[in-house]
1. Residues that are under 15 Å from V77 (Cα atoms) and touching a residue at least 40 places away in the same chain (Cβ under 8 Å): list the helices (runs of 4 or more DSSP H) wholly contained in the stretch 152-266 that include at least 3 such residues.
2. Just checking, which of T343, T333 is assigned to a loop (DSSP other than H, G, I, E, B), out of contact with any strand residue (DSSP E or B) (no Cβ under 8 Å at 6 or more places or on another chain), touching a residue at least 40 places away in the same chain (Cβ under 8 Å) and of a type in the set (V, I, T)?
3. When you scan the stretch 134-151, how many residues do you find that are in contact with a strand residue (DSSP E or B) (Cβ under 8 Å, 6 or more places away or on another chain), in a loop (DSSP other than H, G, I, E, B) and surrounded by fewer than 22 Cβ atoms within 10 Å (Cβ to Cβ)?
4. Which count do you get for residues in the stretch 173-186 that are under 24 Å from V143 (Cβ atoms) and either modelled with pLDDT under 95 or surrounded by fewer than 24 Cβ atoms within 10 Å (Cβ to Cβ) (or both)?
5. In the stretch 291-312, how many are in a loop (DSSP other than H, G, I, E, B), at pLDDT 95 or above and either surrounded by fewer than 18 Cβ atoms within 10 Å (Cβ to Cβ) or in contact with an Asp or Glu (Cβ under 6 Å, 6 or more places away or on another chain) (or both)?
6. Within the stretch 218-267, work out how many residues are among the acidic types (D, E) and out of contact with any Lys or Arg (no Cβ under 9 Å at 6 or more places or on another chain).
7. In the stretch 47-60, is there at least one residue being assigned to a helix (DSSP H, G or I), at pLDDT 90 or above and exposed (fewer than 13 other Cβ atoms within 10 Å of the Cβ)?
Amino acid sequence: MRDATLCPIHPTVSEDGYASLTVPTHRASTIVFEDAAAYATRGQRDLDSYSYGLHGTPTNRVLEAQLSALEGAKHTVLLPSGQTAIAVCFLAALRPGDTVLIPDSAYPPVLGFCRNFLAPLGIHHRIYRPDGSDLAAQIDDSVRLIWMESPGSTTMEVQDLPAIVALARDRGILTGIDNTWATPLLFKPLAHGVDLSMQALTKYVGGHSDLLMGSVSVNDSDLRQRLRDQMRFLGLGVPADAVALALRGIETMAVRMAHQGRIALDIAQDLAARNLGEVLHPALPSCPGHDLWCRDFAGASGVFSVVLPDASRLNAALDALQVFAIGASWGGTRSLMAPMTITRANGHPRNDKTILRLQIGLEDPADLQADLNAFFSILTNQADA
């Protein structure tokens, strides 16, 4: 071959005697085929095979298999973000005229997706109370999916998931859950009968605040086909380089979560004892759904909230932080604060109040406590006393 041909065609080298603890990163858009017959029949390949880079490489398959093992699932699909994963769940389950029920405590962009994307397509939604007290009354023949999130975003309500699943199954309705707070290390939705277990891998699986990704795990192969169909229609795929970061992060996830969960609970208990605001942490007996959390969950992660009685000096307190950063995600190595307000239906008792969500990272607990002491000193105006 001439030099110009030798440049783009790589030689084949032996891998005999080579083994690595790391997963190879297979980057590909084009998948090549061994002969004409293989190319002609590529459409007959199953969903675990390879036909085009958009649908995954061996790197993707490793993470899918690892997540399936943790979830107790038959299949897992990878999506570009947690929100995309939720959207694909809804699109796979719903058709025009159908209805999805979502809890009042869900991640706010879920409601925005329902209002601004699904509604113009003729797909309806209704909101139910996180405790499920009005759920049965909301079910009619149009309901095809009940969505759950437990604990709920910001306000941390824990839902009675087995009861909701039983209600749905009696009526032939699919159930899905955003399990990002717990991950399958602390709660395994499929073991409790949930059909679609979703998590934002951006958070604890990634673990380093440097990737965006989501996943959906299922035990029903037809449901996996519907998820993959929606991904194919929309051209959704996850690049191998991002998957490689997730594979790195998942190796330490159990250790990180155990540490972050322990320190977060210590801090939550301290804040509650000092009466610095209503502390919303599922492991505290005062938190809504605490008994359900004790029954269903294997532990707590590193995220909880504090309802601030007075936020007039919040900006000054945030600007003085030395260890905590200001940011809205979680699951990484850095501790974060994210102030927010909610506007929920049914006269929610925390409407229009400032809620501070805390993510506990991997810093020394003493430094975190010192930063919190200074923060609340400014917030309560004691620094000038």
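The values are calculated or read from the model by the stated rules, or taken from the named source; none is laboratory data. Just so we're clear, the structure is a prediction, and the values are computed from it rather than from any experiment. Cβ sites come from the backbone with ideal geometry, for glycine too, and all protein chains shown count toward neighbours.
1. Details: elements: 161-170, 183-186, 221-234, 240-250.
Answer list for the stretch 152-266: 221-234, 240-250.
2. Working: T343 fails: touching a residue at least 40 places away in the same chain (Cβ under 8 Å).
Being assigned to a loop (DSSP other than H, G, I, E, B), out of contact with any strand residue (DSSP E or B) (no Cβ under 8 Å at 6 or more places or on another chain), touching a residue at least 40 places away in the same chain (Cβ under 8 Å) and of a type in the set (V, I, T) holds for just one of T343, T333, which is T333.
3. First, pick out the residues of the stretch 134-151 that are in contact with a strand residue (DSSP E or B) (Cβ under 8 Å, 6 or more places away or on another chain): 134-135, 138-140, 142-150.
Next, only the ones that are in a loop (DSSP other than H, G, I, E, B) stay: 134, 139-140, 142, 150.
Next cut, surrounded by fewer than 22 Cβ atoms within 10 Å (Cβ to Cβ) only: 134, 139-140, 142.
Counting residues in the stretch 134-151 that are in contact with a strand residue (DSSP E or B) (Cβ under 8 Å, 6 or more places away or on another chain), in a loop (DSSP other than H, G, I, E, B) and surrounded by fewer than 22 Cβ atoms within 10 Å (Cβ to Cβ) gives 4.
4. Here the count works out to 2.
5. 2
6. Just the residues of the stretch 218-267 that are among the acidic types (D, E), to begin with: 220, 222, 229, 241, 251, 266.
Narrowing the set further to residues that are out of contact with any Lys or Arg (no Cβ under 9 Å at 6 or more places or on another chain) leaves 222, 229, 251, 266.
Of the residues in the stretch 218-267, 4 are among the acidic types (D, E) and out of contact with any Lys or Arg (no Cβ under 9 Å at 6 or more places or on another chain).
7. Our first condition is that a residue be assigned to a helix (DSSP H, G or I); within the stretch 47-60, this holds for 53-55, 58-60.
Retained after the next criterion (residues that are at pLDDT 90 or above): 54-55, 58-60.
From the residues that got through so far, the ones that are exposed (fewer than 13 other Cβ atoms within 10 Å of the Cβ) too are none.
Within the stretch 47-60 (the criterion being assigned to a helix (DSSP H, G or I), at pLDDT 90 or above and exposed (fewer than 13 other Cβ atoms within 10 Å of the Cβ)), the answer is no, since none of the residues qualifies.
To keep it simple, each residue is scored yes or no on (1) hydroxyl-bearing (S, T, Y); (2) in contact with a strand residue (DSSP E or B) (Cβ under 6 Å, 6 or more places away or on another chain); (3) modelled with pLDDT of 95 or more.
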| position | (1), (2), (3) |
| --- | --- |
| M253 | no, no, yes |
| A258 | no, no, yes |
| R262 | no, no, yes |
| L265 | no, no, yes |
| L271 | no, yes, yes |
| L284 | no, no, yes |
| G289 | no, no, no |
